[in-house]
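A quick write-up on the structure given underneath.
The values are calculated or read from the model by the stated rules, or taken from the named source; none is laboratory data. Treat the numbers as computed from the prediction; the structure is a model and nothing was measured. Ideal geometry is used to build each Cβ from the backbone, glycine not excepted, and the neighbour counts take in all protein chains shown. Ligands, DNA and RNA are stripped out before the accessible areas are found, and what is left, the full protein with its side chains, is counted by its heavy atoms. Shrake-Rupley method; radii C 1.70, N 1.55, O 1.52, S 1.80 Å.
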Amino acid sequence: IATDLDEAATGLWNTSEHSLTIEPEANTSPTVTYTTSGSTDMTGGLVIGSSTLDNTSRVSKEAKFITINGSTDADEQRQLKFVWDGRSDNSYEGAIVFYGDAHHCTIENTEIFNNKKRADGTVYAYGLQIRTEQTNAIGSKPHDIVIRNNHIESFVHPSGQSIQITGDYSTGKEQYDESSAPYNITIVDNELVATTRGIFCDGAKNITIEGN
């Protein structure tokens, strides 16, 4: 990415055995801004693990071996920024989301901001969300996700959380039920800014949190 981009909410997936890397061009500091004006977008700005953002179907599509690396320098300066700046009737949205069958993915050296605005003024929003698919009894669970050396911010009211990890609660499960929880999650060396919680483990298994 070489220049600033204004994008509609976007799904991202990779079912091949090839890896996919998103990074800034050398000597640039681009910002990708996601917006929406409707109420059907599933969870927010960039949804890794979805080919459709239809909130009624919520079907996940495999997304593996995806890396977002916001730095091209050896000193790992954060050059790439993602901003969710939408206004919609939805709540509980993330600027970047790992959803359902997202696995073996990394985001590092990146700035992530949730500046979401809801028409009625009530906002429950996340900088980054890791979320189990909510379409059937178990659902696909994100796993082997690394979140490292990012600035993640959701300084919105009344409830802004830097990172949320959540299981499947659509079929009567408790969100902390291990059978539906995302697992093998690593969150290290990040700067977290939030109005309520830096990291909200609302259903997670085998999680490492260090140095944030």
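The table for this structure:
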read-out	value
Members of segment 187-212 found to be farther than 26 Å from HIS157 by Cα and either crowded, with 16+ Cβ neighbours inside 10 Å or among the aliphatic types (A, V, I, L, M) (or both), listed by number	LYS205, ILE207
In segment 79-95, the residues that are open to solvent by less than 10 Å² (accessible area, probe 1.4 Å) and at pLDDT below 70	GLY86, SER88
Residues within segment 96-124 that are more than 19 Å from ASN150 (Cα to Cα), open to solvent by 50 Å² or more (accessible area, probe 1.4 Å) and modelled with pLDDT of 70 or more, tallied	1
Any hit, segment 33-46, residues being open to solvent by 20 Å² or more (accessible area, probe 1.4 Å), modelled with pLDDT of 95 or more, over 16 Å from GLY100 (Cβ atoms) and not acidic (Asp, Glu)	no
Test: residue in segment 196-205 that is within 18 Å of VAL47 (Cα to Cα), modelled with pLDDT of 90 or more and outside any loop (DSSP other than H, G, I, E, B)	no
Per-region count, segment 7-27, residues surrounded by 14 or more Cβ atoms within 10 Å (Cβ to Cβ) and either touching a helix residue (DSSP H, G or I) at 6+ places or on another chain (Cβ under 7 Å) or of a type outside the set (A, V, I, L, M) (or both)	6
